[in-house]
Amino acid sequence: MFYTAESIEHLAEQFAQLPGIGRKTAHRLALYVLKLSRDEVVAFAKALVDVKDKVRYCSICSNITETDPCGICSNPKREQTSICVVEEPNDVLAIEKTHEFKGLYHVLGGALSPLDGVGPEDLRVKELLQRMSDSVEEVILAMNPNVEGEATTLYLSKLLKPLTVKVTRIARGLPVGSDLEFADEATLSRALEGRITL
């Protein structure tokens, strides 16, 4: 039987909790940390703690930020007439990489998933509705192209239709079942340009 140091096992267990990290990779990462200098490990640990201590959600759009409001919401050059609604902060980053969208964002914090017990009250839907003002002309629904994303798009479009705002969705072109954060910039650009009115 193979035995290793208890602290290595504990570190491997921590790495294994991260998404996409299996047991083997977790052990490999733990052993890599062992090879680092103490200063490098302290810097790594500080970066982890800083993320927990400094990063929060923007009080306007719910994107992650260190300043409130975030850099996008506080930028006077952003178009105040359109809001792009996404599921997670990763989606904001993916769309920003395209350099196509110049408006504001709203991060829901997930998607509707009745099987997982996620309903409208678990998302930042109420906050989105509070942002609807005379200056908002268009709401772009940019949900992931999967069952939960489609359900969320349908729910939000019905909720927003009675308001005097144009409701669009990003065009198809993203593979069904994938996430926005993994799409390339060209695909996302085409999807934004070809959005359709609901």
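The values are calculated or read from the model by the stated rules, or taken from the named source; none is laboratory data. On a predicted model such as this, the values are computed, not experimentally measured, just so you know. Reconstructed Cβ throughout: ideal geometry from the backbone, glycine too, with neighbour counts over all protein chains shown.
Odds and ends about this structure:
- Qualifying residue in region 85-103 (condition: loosely packed, with under 12 Cβ neighbours inside 10 Å, in the same structural domain as Ala171 (by TED's automatic domain parsing), among the hydroxyl-bearing types (Ser, Thr, Tyr) and not in a helix (DSSP H, G or I)): no
- Residue in region 184-193 that is surrounded by 21 or more Cβ atoms within 10 Å (Cβ to Cβ), of a type outside the set (D, E, K, R), assigned to a helix (DSSP H, G or I) and touching a residue at least 12 places away in the same chain (Cβ under 8 Å) present: yes
- Pairs meeting the criteria (first residue in region 27-38 and closer than 10 Å to Phe15 by Cβ, second residue among the acidic types (Asp, Glu) and surrounded by 10 or more Cβ atoms within 10 Å (Cβ to Cβ), beta carbons under 9 Å, at least 6 apart or on different chains) are His27/Glu9; Ala30/Glu9; Ala30/Glu13; Val33/Glu40.
- Unmet criterion (only one of (1) more than 19 Å from the chain's Cα centre (by Cα); (2) buried (at least 16 other Cβ atoms within 10 Å of the Cβ); (3) hydroxyl-bearing (Ser, Thr, Tyr)) for Thr152: (1)
- Cβ pairs under 7 Å, 6+ apart, first in region 48-64 and closer than 20 Å to Leu104 by Cβ, second of a type in the set (Lys, Arg) and outside any helix (DSSP H, G or I): Ser62/Arg124
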